[in-house]
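Note sheet for the following structure.
The values are calculated or read from the model by the stated rules, or taken from the named source; none is laboratory data. Predicted model, so just to flag it, every value in this text is computed and none were measured. Here the Cβ positions follow ideal geometry from the backbone for every residue, glycine too, while neighbour counts run over all protein chains shown.
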Amino acid sequence: MLRTTLAGLRLHKRRLFTTALAIVLGIMFVTGTLVFSDTLRADFSRQVMGSAGKIDVIVTATGVAKAGPDPDEEPTGEPGASDVETVAALRDLPEIESVQGVLEGPAPLLDRDGRAVGYIPTLGMSVGGEVSRYEAFEGRLPTADNEVALDTGSANDNDFGVGDTVEVLDPQGEPRSFTVVGLIDLGIQGSVSQRGAVAFTPERAQEMVELPAGSGYTRIYVMGAEGVPVHQLQEEVAAATGEAAQVQTGQEVGETLAERAGAELEIMRSGLLLFAAVAMFVAAIVIYNTFAILIAQRQREMALLRCLGAVRGQLFRGVLVEAVIVGLLSSAVGVLAGIGLGAAGLTFGAELMYPTTGATAGLVVSPLAVLASLGVGTLVTMGAALVPALGATRVAPLAALRAGATLGSEKGVGWLRIVAAVALFGICGAMVALAVGGDPSPRNLTLIVAAGVTCFLGVVLLSPLLVRGFVWLISGPMRSSGVPGRLAADNAGRTPKRAATAMIALTVGAGLITAFSVFSASVQSSLDEQLDDRMPVDYQIMRQLGTTAEEQRQGVPPAVAAELRQTPELDKVYSLHEADAHVAEQPQMRVSALTGGDLTEIVEETTSGDLADFTDQTTVLSQPMAEMLGVEVGDQVDIGTEQQRPYEVVAVTSETEALAPIVVAYSDFTEQFADTGRIQLVAVAKAEGIETTQARDVVDAAVADYPTLGVQSAAELKQQYTDMFNVMFLVVAALLSMAILIAIFGIANTMALSVLERTRESALLRAVGLSRAQLRWMLSLEAVIVSVLGALTGIAVGIVFGWITGRAVLEEVSLVLPGWQIAGFVAAAVLAGLVAAVLPSRRAARASITAALASE
Amino acid sequence: MSETMAHQAAPQTDAPPAVVAQGLTKVYDTGATAVRALDGVDVAFARGAFTAIMGPSGSGKSTLMHCLAGLDTATSGSVHMGRTDITGLKDRELTLLRRDRIGFIFQSFNLLPMLTAQQNIVLPAEIARRKVEPKRFERIVEVVGLHDRLDHLPVKLSGGEQQRVAVARALLNDPEVVYADEPTGNLDSRSGAEVLGFLRDSARELEQTVIMVTHDPMAAAYADRVVFLRDGRLVDEVGTPTAELVLDRLVKLEG
């Protein structure tokens, strides 16, 4: 029996070729992801272990367990624990060879225009000295007062390189010039990669790095004397530094860092594997269809085997063995291709994400990754062939004696199918209602995914009907287009199940990409609307986030607002003042007041109350704030620092309209918060007839002396997230392309098998006068019908689910159809159909008429 | 004997023949050995005549028909259809020739399964974007007796009915030649007789040239003339044949 199977495989290997290709592609994706992430992980571990692991003991200043330069947590300013005295004390210990304290704190790096980079000031840190943890990735570490090293991210983002001169603000806000002598790779630790870092010599760092009051070294690196065991050193250091500091070996710190890097990679890996799973799912559909068709075509062969005495089980096993062999071989090829893909991903992808990693590492191909990929490929193939294999056992021995059994048209679509599909759609609708009805929450997304899968199953059940309906719908126009068009429509509808399975494979990819596209367009347009509501102004001036507490207290200097008010190019200059206050029972709340214009100019909609009532001793709250405080219009709220005053709530603004959560009149604000109040932001609107660029110049001139003030425009902000969404779209499209490619192979394969089955039909058509070109055109049209239907089905489902997802994530979202993108998908589907038909139609057109007529 | 017979097979009537083959040779190169399926066949088919080509299996009778009909290209020699030398035609020209000037009836699988009887009959006309004359369509459908079966798909038709659809399709266009390849091979004798009757009647009444390949003496007896092939050569022929006469010659040939 096995010999028959193998002989059959050899005979049919061409028919299985595209199926094998589908498995190869899917497994290539899986293996590529595993190899890519394993290699990155190994590389990161090696890097952090290399930098931290070579230090014997690391003392961290806070009691909090933390390691690495993490800007999220400023040093708490616990004095005495790791200050200069501690270093001196450590230096006196006989077990210790060398000690180096590290300073860390904000040190804003200026870009080429003289503005502080990013939204958060760059981290200043000391490097070098007695014990150096980092080495220069390029160039060297700073050794003189006028030298700095930049982290690779900051250097890349701002186009700085070794040899350039850069300016960094000192704690007094004065720009200081430095020469860049080297680049340091800090890896992906914490958010340094977003924030950027500037490294000084230990001496210079004391002047340049702004330390929170009372704090000293962030951490201390200790190297033991020769022959002193690390754990003994650790104990000695711990005894010397006391309770407030955490003492870890470099090894421990490195391991923690590697773990954290690993967690970050894990997310990326899961994301990639998700897309790989989609690709494998599509491959499974393709495999299923191929085996189903092959078994239908080999009915007589199977029946003959049954006549010769094969039992059902043998036929069943025969098909499964065939699937396992095909799956295993293709998976093996896929694994090899995947290793190549992983290598390519490291060369190109990692370069984009993590500029300095990857290239240095050797490829990590773990046996687990290889075995998992082989297993997945083989099991998926076998699973997909299971139902067709069962079908093989149902072949009656008598079928061997009947001719042309394969060409009988399929039976009608059963009512059971329709009832089941309707039930599935009902369940799907209920889940969607549940998800959309409630408040936005992550749980909703899970519900929507479940609903999406349910809906897809329903579509699968209905798909043969869809094929018939679609063919019926288009057969009118197709008929009038000539014989090839009419025959193509007829052929597509001849085996609805087969066509349905082929098109469903494409539906998966088309649906997901449309859902994403509709989702992002809808969310984007809603964000635009909200932004327009929130920023009915052209520019906003704010202080860079995370600058020192002192600067935060200053806010935007009043002089900036004053200067802007003098310029004729600007129509409106609003200042939003803010202060910290106790509100009712809540400490640490932000109270705001507006000057330079009326509140009604900025806030248009209220959920209750009337803005016209807003005056002294009254307040306007945002909806969430009113809910949190449990008050309504007409209620009183006590606001103040030491002494609270009662304010009457006159209006509640909707969330999207919220300028600030708590707004009071400026006269009340100055009375209560004269000392602590500051300008949080200045917003300007240009005067009529003034060009945007002109207004921008005026604003830039006003903030020229304050490098840490950031200028935002609504247009730029919109552009920023438009860019972000566009990048996301490209990434999603690229990741889904594998699934779509596999689906196209599936259509090509279905076409090829159908063409093979209809060899005699094609010959007959040629004999009665259909030209080669017409025959090719007929088959191309048939493939286009299948692919376009697949895409349209996906697009329809995708539009619904894209919108639903938007609804579940944002409270107010309007459905936006990205028309051009969707038109693009349909065009791509047409192209896909044409491409899928190239080889099958060429083969059909080339076939000799006489040979085809003579063949069985 | 065979040589002389072949040469005498030239025009029997004064009218120019519909199809003439001269020195027709077809060699199949199977790699190891070259098979001469046709070995210098000279034959002419009179206009308006019903001719049967007979011979044992492997005699080359199907190949001869394929080459005559432009389905296959000859290795050497020529085929003229009317004034057209079809041996030199390109694939596209051959396609047009088949479409516009030839009708086909095959042994089996004559019809496209997804088209109804009527759609199958008018298919060549549709491919050629030719108007179908309703009168002619009506008449031909009448002749083959398919009036109430026109809307049926081929699976719902009996073998004889299917073959009658094929005959109707071949005749509809009023082609110069109708080629029939074992048209009754899959039919019971009554249906076969019907189909052969149509072919004979159309040749006589419509002056339709019909060339039929068959190995059945009963079928050949319907023809006006029978030519015999063996080993790729024309070896004999009979005018106004009967089944006994044909069978007699066949036995001689094989013996």
**Complete:** Taking the stretch B:88-112 and keeping only residues that are surrounded by fewer than 18 Cβ atoms within 10 Å (Cβ to Cβ) and either closer than 14 Å to residue B:19 by Cβ or touching a residue at least 12 places away in the same chain (Cβ under 8 Å) (or both), one is left with B:89, B:100
**Condition met for residue A:358 (farther than 21 Å from residue A:276 by Cα and either at pLDDT below 80 or part of a helix (DSSP H, G or I) (or both))** = yes
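If you go through the stretch B:161-173 one residue at a time, how many are part of a helix (DSSP H, G or I) and either at pLDDT below 85 or out of contact with any helix residue (DSSP H, G or I) (no Cβ under 7 Å at 6 or more places or on another chain) (or both)? Lay out the reasoning, then the answer.
First pass over the stretch B:161-173, keeping only residues part of a helix (DSSP H, G or I): B:161-172.
This time we only want the ones that are either at pLDDT below 85 or out of contact with any helix residue (DSSP H, G or I) (no Cβ under 7 Å at 6 or more places or on another chain) (or both), so: B:166, B:170.
The qualifying residues number 2.
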**Message:** Restricting to the stretch B:54-66, give me the number of residues that are more than 13 Å from chain A (Cβ to nearest Cβ) and free of Cβ contacts under 8 Å to residues at least 40 places away in the same chain.
**Reply:** 0
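Out of the residues in the stretch A:750-762 that are touching a Ser or Thr at 6+ places or on another chain (Cβ under 8 Å) and within 20 Å of residue B:91 (Cβ to Cβ), state the one that is farthest from the other protein chains (Cβ to nearest Cβ). Talk me through it step by step, then tell me what you get.
Taking the stretch A:750-762 and keeping what is touching a Ser or Thr at 6+ places or on another chain (Cβ under 8 Å), we get A:750-755, A:757, A:759-760.
Imposing the further condition that a residue be within 20 Å of residue B:91 (Cβ to Cβ) reduces the set to A:755, A:759-760.
Numbers: A:755: 14, A:759: 10, A:760: 5 Å.
Filtering first and then ranking leaves A:755.
In the stretch A:778-805, which residue that is more than 30 Å from residue B:101 (Cβ to Cβ) and among the polar types (S, T, N, Q) is nearest to the other protein chains (Cβ to nearest Cβ)?
First, the residues of the stretch A:778-805 that are more than 30 Å from residue B:101 (Cβ to Cβ): A:783-805.
When the remaining residues are screened for being among the polar types (S, T, N, Q), the result is A:787, A:793, A:805.
Details: A:787: 20, A:793: 23, A:805: 41 Å.
So the residue we want is A:787.
Check A:588, A:617, A:636 and return the single one that is assigned by TED's automatic domain parsing to the domain that holds residue A:682, modelled with pLDDT under 85 and of a type in the set (S, T, N, Q).
The conditions single out A:588.
Does residue A:775 satisfy being buried (at least 22 other Cβ atoms within 10 Å of the Cβ), touching a helix residue (DSSP H, G or I) at 6+ places or on another chain (Cβ under 7 Å), away from chain B (no Cβ under 14 Å) and at pLDDT 85 or above?
Working: buried (at least 22 other Cβ atoms within 10 Å of the Cβ): yes; touching a helix residue (DSSP H, G or I) at 6+ places or on another chain (Cβ under 7 Å): yes; away from chain B (no Cβ under 14 Å): no; at pLDDT 85 or above: yes.
The answer is no for residue A:775.
Where residues in the stretch B:103-127 are in contact with a strand residue (DSSP E or B) (Cβ under 7 Å, 6 or more places away or on another chain) and in a loop (DSSP other than H, G, I, E, B), which of them is nearest to the other protein chains (Cβ to nearest Cβ)? Give the derivation first.
Filtering the stretch B:103-127 for residues in contact with a strand residue (DSSP E or B) (Cβ under 7 Å, 6 or more places away or on another chain) gives B:103-107.
Those still in the list that are in a loop (DSSP other than H, G, I, E, B) too: B:106-107.
Numbers: B:106: 6, B:107: 9 Å.
Restricting to residues being in contact with a strand residue (DSSP E or B) (Cβ under 7 Å, 6 or more places away or on another chain) and in a loop (DSSP other than H, G, I, E, B), the top hit is B:106.
If I filter the stretch A:656-678 for residues that are in contact with a His (Cβ under 9 Å, 6 or more places away or on another chain) and among the charged types (D, E, K, R), do I get at least one hit? Let's see the steps before the verdict.
Applying the first criterion (in contact with a His (Cβ under 9 Å, 6 or more places away or on another chain)) to the stretch A:656-678 yields A:666, A:669-670, A:673, A:677-678.
Within this subset, residues satisfying the condition of being among the charged types (D, E, K, R) are A:678.
Within the stretch A:656-678, one or more residues are in contact with a His (Cβ under 9 Å, 6 or more places away or on another chain) and among the charged types (D, E, K, R).
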**Asked** Residues that are at pLDDT below 80: which helices (runs of 4 or more DSSP H) entirely in the stretch A:191-274 hold 3 or more of them?
**Response** A:192-195, A:230-241
**Request:** Give the stretch A:620-644 a look and list any residue that's more than 41 Å from the chain's Cα centre (by Cα) and over 16 Å from residue A:588 (Cα atoms), or say none.
**Result:** A:633, A:634, A:635, A:636
**Enumeration of residues in the stretch B:128-155 that are away from chain A (no Cβ under 14 Å), over 12 Å from residue B:172 (Cβ atoms) and not in a loop (DSSP other than H, G, I, E, B)** = B:142, B:147, B:148, B:149
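Are there strands (runs of 3 or more DSSP E) fully within the stretch A:583-665 with at least 3 residues that are surrounded by 15 or more Cβ atoms within 10 Å (Cβ to Cβ) and touching a Leu at 6+ places or on another chain (Cβ under 7 Å)? List them.
A:644-653
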**Request:** Answer yes or no: is there a residue in the stretch A:727-749 that is within 14 Å of another protein chain (Cβ to nearest Cβ) and small (Gly, Ala, Ser).
**Result:** no
**Prompt:** Quick check: is even one residue across the stretch B:166-174 surrounded by fewer than 18 Cβ atoms within 10 Å (Cβ to Cβ) and over 23 Å from residue B:143 (Cα atoms)?
**Reply:** no
**Asked** Are any residues in the stretch B:67-92 within 11 Å of chain A (Cβ to nearest Cβ), closer than 23 Å to residue B:208 by Cα and in a helix (DSSP H, G or I), and if so, which ones?
**Response** B:67
**Prompt:** Hey, any hits in the stretch A:663-675 for a residue that's among the hydrophobic types (A, V, I, L, M, F, W, C) and at pLDDT below 85?
**Reply:** yes
